[in-house]
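These notes concern the structure reproduced below.
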Amino acid sequence: MKAALECIPCALRQTLRAVKFAGRREDAEKALRRVMSTLCGLSWDVPPMALGFEVYRAIRESLMVEDPYAEEKRRLNQLALKHASELKGLIRKSRDPLDTAIRLAIAGNVIDYGSLEKFDLKSTVERFLKEKPAIYDIDILREKLQKARSIIYFLDNAGEAVFDKLLAETIQSLYGEKHFIFVVRSTPIINDVSLRDVEEINLSELGSVEVRAMPSESLYEWLRFRATLEKWFKEADVALSKGQGNFELLSDYPGIFFMFAVKCEVVASMLKVKLGSQVLYMST
């Protein structure tokens, strides 16, 4: 997916949001000017999230703050962990545990400061458990999970990753032990899970688990990484991807199951769905 013109003002809104969470309102103009200068010097013929790698590098350097969302990410992880046992109960009591776990994982995708200023997790969970998804390739996923030995799982936001862990646990309980390869950001960007955040949710409880970092330091680093990424896809039997940002980055690769809540008109138009829809979409 290539960036649309609407992605540029979105990047500026994200800059102001990051400044707010960093507690550096006095540096807002400096950060905005740095980000605008960065965007003007780049080709926009790349995925929006890839542009975001450069945007957040500019934010970090202008504010001299490594992770503007550090405290908020810890809060979000703790918030989600408090609800984990309740969510497990919903899955356990469900007539279709995989369906419920997927819907909960997608509901968790509203924990996203890249697209949203605020969110209501409880009401989103309730709505997504009742509402018919706009795109739902669950039957294809079921078939592939039965035969899979290894699953590569691209995580998205802090807090949301707790919901992803529940989905992984559900897959294990239904289809036997799998080797999970969880992919996170190498460098802090928005409230996405990075290497320093992943320990808080204790993914090792799942058993055979590996955590890898996908470059998020710069656009150049991402472009160099794509050959390695293709090798990762070939190594795994199933590829799961959470979040709209990962959809932007990876939608050109076939056979990936994307799970997310649609939070912008550009993506809604691309998929021909309504804004706010939940999707489980396998790319072709």
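If I model a spin label at residue 146 and residue 37 as a point 7 Å from the Cα along the Cα→Cβ vector, what separation in nanometres do I get?
Computed distance between label sites residue 146 and residue 37 equals 5.9 nm.
I'd like the Karplus ³J(HN,Hα) series for the stretch 28-44: coefficients 6.51, -1.76, 1.60, θ = phi - 60°, whole numbers in Hz, and an x wherever there's a Gly or Pro.
Going residue by residue, I get 4, 5, 4, 5, 4, 5, 5, 5, 4, 5, 4, 5, 5, x, 10, 6, 9 Hz, with x marking Gly and Pro.
Leaving out ligands, DNA and RNA, what percent of the accessible area of the chain is carbon and sulfur, probe 1.4 Å?
Looking at the chain in its full context, I get 50 percent from C and S.
Through the Karplus equation 6.51 cos²θ - 1.76 cosθ + 1.60, θ set to phi - 60°, convert the phi angles of the stretch 2-17 into ³J(HN,Hα) values in whole Hz; use x for Gly and Pro.
9, 5, 9, 4, 5, 6, 6, x, 4, 4, 6, 5, 5, 4, 5, 5
What shape does the stretch 1-97 take by its C-alpha gyration tensor, where a ≥ b ≥ c are the square roots of the eigenvalues and a/c under 1.5 counts as rounded, a/b above b/c as prolate, and the rest as oblate?
Taking the square roots of the gyration eigenvalues as a ≥ b ≥ c, the stretch 1-97 is oblate.
Å³ per residue of the Cα convex hull, for the stretch 105-226?
So the per-residue Cα hull volume is 135 Å³.
Given the DSSP H assignment, sum -39500 (n - 2.57) over each helix run of at least 4 residues in the chain and divide by its residue total; what's the result at 222 nm in deg cm²/dmol, nearest 500?
-16000 deg cm²/dmol
In the chain, what percentage of the DSSP-assigned beta bridges are antiparallel, given to the nearest 5?
Given both bridge residues lie in the chain, the antiparallel proportion sits at roughly 20 percent.
Rank these residues by their accessible area, most exposed first, probe 1.4 Å: 164, 120.
120, 164
Under 5 Å between amide hydrogens, which residues at least 5 positions from residue 255 or on another chain qualify, with H placed 1.01 Å from N in the peptide plane?
Result for residue 255 returns 283, 284.
So what is the diffusion coefficient of the stretch 90-131 in µm² per second by Stokes-Einstein at 10 °C and 1.306 mPa s, using a Kirkwood Rh over Cα pairs?
Answer, rounded: 147 µm²/s.
How charged is the neighbourhood of residue 228? Take every other residue with its Cβ under 12 Å from the Cβ of residue 228, and add Lys/Arg as +1 and Asp/Glu as -1.
Here the charged neighbours net out to +2.
What number do you get for the stretch 176-284 when its Cα radius of gyration is normalised by 2.2 N^0.38 Å, N = residues?
1.12
Select from the stretch 144-204 those chymotrypsin sites (Phe, Trp or Tyr not before Pro) which occupy a DSSP coil region and have at most 16 other Cβ atoms within 10 Å, ordered by residue number.
none
Along the charge dipole of the stretch 141-284, Cβ charges K/R +1 and D/E -1, which of 163, 148, 213 sits furthest on the positive end?
The listed residue farthest towards the positive side: 148.
Run the dipole for the chain about the Cα centre, Lys and Arg Cβ at +1, Asp and Glu Cβ at -1, nothing else charged, and hand back the magnitude in debye, nearest 20.
In total the dipole reaches around 400 debye.
Skipping prolines and chain starts, which residues have an amide H placed within reach, meaning under 5 Å, of the one on residue 214, given they are 5 or more residues away or on another chain?
For residue 214, the qualifying residues are 184, 185, 186.
With viscosity set to 0.890 mPa s and temperature to 25 °C, compute the Stokes-Einstein D of the stretch 51-95, Rh being the Kirkwood radius across alpha carbon pairs; µm²/s, no decimals.
Taking Rh from Cα pairs, D becomes 186 µm²/s.
Just the number please: accessible area per residue for the chain, 1.4 Å probe, all protein chains included, in Å².
Normalised by residue count, the accessible surface of the chain is 45 Å².
Mind checking the dipole of the stretch 138-258: about its Cα centre, +1 per Lys or Arg Cβ, -1 per Asp or Glu Cβ, Debye to the nearest 20?
400 debye
Go ahead and collect, in residue order, the members of the stretch 208-222 whose backbone nitrogen is under 16 Å from a label point 7 Å along the Cα-Cβ direction of residue 66.
Only 216-217 fall inside the zone, counting backbone N under 16 Å.
What is the percent of Cα-Cα separations in the stretch 69-114 that go past 17 Å?
Percent of Cα pairs beyond 17 Å in the stretch 69-114: 40.
The stretch 159-235: D in µm²/s via Stokes-Einstein (Kirkwood Rh, Cα pairs, 20 °C, 1.002 mPa s)?
157 µm²/s
Over the stretch 1-128, what is the relative contact order in whole percent, taking alpha-carbon pairs under 8 Å and six or more residues apart?
It comes to 25 percent, rounded to a whole number.
For the stretch 93-98, in order, what is each residue's ³J(HN,Hα) by Karplus, 6.51 cos²θ - 1.76 cosθ + 1.60 with θ = phi - 60°, in whole Hz (x at glycine and Pro)?
Along the stretch 93-98, the couplings run 7, 6, 5, 9, x, 5 Hz.
Counting just the Cα atoms, what span does the chain cover along each of its three principal axes? Round to the nearest Å and put the largest first.
Extents along the principal axes, in whole Å: 53, 37, 35.
Can you work out the FRET efficiency for the pair residue 132 and residue 237, with r the C-beta to C-beta distance and R0 = 35 Å, to the nearest 0.05?
0.80
Between residue 2 and residue 26, what is 0.36 nm times their sequence separation minus the Cα-Cα distance? Round to one decimal in nm.
Full-extension gain reported as 5.3 nm.
Around residue 280, which amide H atoms from residues at least 5 apart in sequence, or from another chain, sit under 5 Å from its own amide H, with H modelled in the peptide plane?
Those qualifying (amide H under 5 Å, at least 5 residues apart or on another chain) are 135, 136, 137.
The values are calculated or read from the model by the stated rules, or taken from the named source; none is laboratory data. Please read all numbers here as calculations on a predicted model, not as lab measurements. For neighbour counting, all protein chains shown are included, and Cβ atoms are generated from backbone atoms with ideal geometry for every residue, glycine included. Just so you know, the surface numbers come from the protein's heavy atoms only, side chains and all, with ligands and any DNA or RNA stripped out. Shrake-Rupley method; radii C 1.70, N 1.55, O 1.52, S 1.80 Å.
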